[in-house]
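The values are calculated or read from the model by the stated rules, or taken from the named source; none is laboratory data. This one's a predicted model, so the numbers in the text were calculated from it and none came from an experiment. When we count neighbours, we look across all protein chains shown, and the Cβ atoms used for this are built from the backbone with ideal geometry, even at glycine. Just the protein is used for accessible areas: all its heavy atoms, side chains included, with ligands, DNA and RNA removed. Shrake-Rupley method; radii C 1.70, N 1.55, O 1.52, S 1.80 Å.
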Amino acid sequence: MTPTIEKLLRIQDYDSRILKLQRELKDIPSRKKEIDFRAETDRAASSQAKDALKTKQAGIREIEVEIESNKAHIRKLREQQIQLKSNKEFKAMEQEVANIQKEIRGLEEKAIAIMEHVEQFQVEFRSLDKKAGENEAVMKSDAQALDKRGEAIQGEIDQLTQKRNAIAGE
């Protein structure tokens, strides 16, 4: 083989290696965007779960307020019962108290069911939040590795380009 053909083959080899590295370097920003998208998706899911938890806890507080309101109403009715003169009025008031107490029991059962659901949801939320944190760390590490790889690729491209130009200049 002649020296010129050998030079051309070496230049061709450098060119193909440079092209391959340039493609890989060009792909890094899209890979980083993908990592950022996954991280944002995890954060959004965690935020939605947190909001749902707060909503459920607010629902429990509303029920508790309604229960207290009903208990205060029962106390008022009991005070009014003392002043009643007829047995018929007393029984009617007693029936109203019983209905309110029944409503209170229903509200308390509803609150307990929601509390149980909230406890289960809190466990799931903590797990999701922990997983999101772990994923965030892994994704940050992956992004840093991509940055380092990009720098290494650029350095390698520069070296190969210098070698290629040196051969081409001969």
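Based on this model, can you work out whether T41 counts as over 30 Å from N99 (Cα atoms), out of contact with any strand residue (DSSP E or B) (no Cβ under 8 Å at 6 or more places or on another chain) and at pLDDT below 85?
Values: over 30 Å from N99 (Cα atoms): yes; out of contact with any strand residue (DSSP E or B) (no Cβ under 8 Å at 6 or more places or on another chain): yes; at pLDDT below 85: no.
Criteria not met by T41.
Test of understanding: among E66, E24, which residue is over 30 Å from R164 (Cβ atoms), of a type in the set (D, E, K, R) and assigned to a helix (DSSP H, G or I)? Give the derivation first.
On the way: E24 fails: over 30 Å from R164 (Cβ atoms).
After applying the criteria, what remains is E66.
Conditions (1) charged (D, E, K, R); (2) within 30 Å of G133 (Cβ to Cβ), marked per residue:
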position: L8; (1), (2): no, no
position: D13; (1), (2): yes, no
position: I18; (1), (2): no, no
position: P29; (1), (2): no, yes
position: K32; (1), (2): yes, yes
position: T41; (1), (2): no, yes
position: Q48; (1), (2): no, yes
position: A52; (1), (2): no, yes
position: K56; (1), (2): yes, yes
message = Anything in the range 118-139 that is loosely packed, with under 13 Cβ neighbours inside 10 Å and in contact (Cβ under 8 Å) with a residue 40 or more places away in the chain? List them, or say none.
response = E124
query = If a residue has to be surrounded by 12 or more Cβ atoms within 10 Å (Cβ to Cβ), among the small types (G, A, S) and without any contact (Cβ under 8 Å) to a residue 24 or more places away in the chain to count, how many in the range 140-165 make the cut?
reply = 1
request  = Mind listing whichever residues of the range 38-72 are exposed (fewer than 13 other Cβ atoms within 10 Å of the Cβ) and within 16 Å of F125 (Cβ to Cβ)?
outcome  = A44, S47, Q48, D51, K54, T55, A58
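If we scan the range 70-79, do we find a residue that is β-branched (V, I, T) and either modelled with pLDDT of 90 or more or closer than 30 Å to M139 by Cβ (or both)? Talk me through it step by step, then tell me what you get.
Looking only at the range 70-79, we keep the residues that are β-branched (V, I, T), and these are 74.
Those still in the list that are either modelled with pLDDT of 90 or more or closer than 30 Å to M139 by Cβ (or both) too: none.
No, the range 70-79 contains no residue that is β-branched (V, I, T) and either modelled with pLDDT of 90 or more or closer than 30 Å to M139 by Cβ (or both).
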key: Matching residues, the range 24-37, being open to solvent by less than 70 Å² (accessible area, probe 1.4 Å) and either of a type in the set (K, R) or under 30 Å from A111 (Cβ atoms) (or both)   = K32
query = Pick from A166, A145: which is at pLDDT below 90 and either of a type in the set (G, A, S) or touching a Pro at 6+ places or on another chain (Cβ under 7 Å) (or both)?
reply = A166
